Every structure is written in structure tokens, then in C-alpha cells.
1. So how do GLU61, GLU76, GLU68 rank on accessible area, 1.4 Å probe, biggest first, that is with the largest at the start?
2. Report, to the nearest whole %, how much of the accessible area of region 1-97 belongs to carbon and sulfur atoms, 1.4 Å probe, protein only.
3. How much net charge surrounds ASP54 when only the other residues with a Cβ under 13 Å from the Cβ of ASP54 are counted, with Lys and Arg +1 and Asp and Glu -1?
4. Hey, can you grab everything whose amide H is under 5 Å from the amide H of GLN133? Only 5+ residues off in sequence or another chain; H modelled, so Pro and N-termini drop out.
5. May I ask you to derive the FRET efficiency for ARG35 and ASP154 from their Cβ-Cβ distance with R0 = 45 Å, giving the value to the nearest 0.05?
6. Under a Cβ-only charge scheme (Lys and Arg +1, Asp and Glu -1), can you give me the dipole magnitude of region 11-92 about the Cα centre, in debye to the nearest 20?
7. Label-point separation (nm) for THR24 and LYS178, each offset 7 Å from Cα along Cα-to-Cβ?
8. At a probe size of 1.4 Å, how large is the accessible area of THR24, to the nearest 10 Å²?
Amino acid sequence: MPQSPSHNSAQDQSDIDLIGRAVTGSHTAFGELVRRHSGALRTHLRRMGAQSSDADDIAQEAFMAAFERLSEFRFEGPFIAWLKMIASRRYLKKLKAAQKYLFTDDITLFETPDQAPPPADMRLHDLDSALSQLKPIERVCVTLNFSAGLSHGDVAAETGLPLGTVKSHIKRGLDQLKSALTVPNASAQPNSSAQPNSPSQDAATVSATPTFMDERR
């Protein structure tokens, strides 16, 4: 069955055009914005640590809040970034109420003895699985930094944690992600004569840099 002209035109329009229409009351335009960004928003929340049902509920609340406050959007960045901030603040509010102990500036509570990297066949090959291995507050800080695009200072402001604590959480989280996501290159042959940090040794592994771009799920 062919789609209506209004639906086709909404799909073809940019976020900026859709926002302009939605501000004047177009539910069709805002519905297209929801369709376009709901997957990324739910993924962002899950990566912060929300369970799937909570991510769905908070995403829905964020879209409702965004519709009511759409005139406040200043076009200073992508619309999805604005949505992520609305959703992140709602999730942080819920997390602080339920698990206030996570938001402490005592970094020693999160320190663990150094551990050797996991065996090659046990390393994780996807970001979501790797994130699930982080401590909850590390996961929050890393996701706000990379997925929401916040600076360390902004993450500190949103979480209420000292800047140094935020930096420690992000560094610790990134180190663990890189370790979990680094996979051996099967085509590379070990070279017992290779010097540390030599090109032949570097070629023996392929380091998967964590990326938060694939969020449309």
C-alpha cells in the first residue's frame, strides 16, 4: 500500500525542517523525529546502564519532554545530542535516587587489583558486552563522555562528581574497554626475535578502538 504524501515528505526532510514543523504543532513531523532517533536514544540509555524496560520508558519520557520544550532547542548541535541530554538527566536522577552510593568522590572504593588481560578466546567482540563489564559509575561516565559528547567538566557537572574522579573513572573504563575489545590478528605470526613495541609485534594484535557511533538499534 503506498504511503501518504505527508508521510513521504516527512521522511525526506531534515531534522531542522521537521523541528520547524513540529514547533507549529505538526504531530506527523515530530513522529518522524521519534521514528528516526528512538533507536539511538534507547541504545544510549542502555549503554549508560539502564535495563531495556527502563530505557524504553525513559526514552518515551524524553521525547514527551522534548516535544513540550521544542521551542527551547537552539540548533547549536544535533537534535539527537539534545535528546540524549534530556534522557541522560532523567536516568541520572533515577540512578541517584536508587543507588546514591555510586556517586561518591572516594575513588578508592572502585579500585581493584590490576588483572591480566583475558585470554584471546574470551575477549569481547562488541561494545555493549564490553560496557557491561565496567563498574556502573565507570559506564555512566564513559557513555556520557563519548555517546552524549560531554566534556570531562560537563560529566562532572551532570553527575555531581569532582573532575578528578570523573577523569579517573573514564580512564579506567577506557582501559578496560580497550583490553576487552582487543582481538588477536590470526594472520600475524609470532616473532620471538621481535623487540618490544616493534612493528612486527604491533601487527600481532588488532586493537578495536571503542566507538559509540553504531546506535541505531
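The values are calculated or read from the model by the stated rules, or taken from the named source; none is laboratory data. Computed from a prediction, not measured in an experiment: that's the story for all the values here. Here the Cβ positions follow ideal geometry from the backbone for every residue, glycine too, while neighbour counts run over all protein chains shown. Side chains are part of the model used for accessible areas, which takes the heavy atoms of the whole protein and leaves out ligands, DNA and RNA. Shrake-Rupley method; radii C 1.70, N 1.55, O 1.52, S 1.80 Å.
1. Ranked list, largest accessible area first: GLU76, GLU68, GLU61.
2. 51
3. +3
4. Under 5 Å from the amide H of GLN133 lies no amide H from a residue far enough along the sequence or on another chain.
5. The value I calculate is 0.95.
6. Dipole about the Cα centre, nearest 20: 240 debye.
7. Rounded to a tenth, the inter-label distance reads 5.1 nm.
8. Ignoring ligands and nucleic acids, THR24 comes out at about 120 Å².
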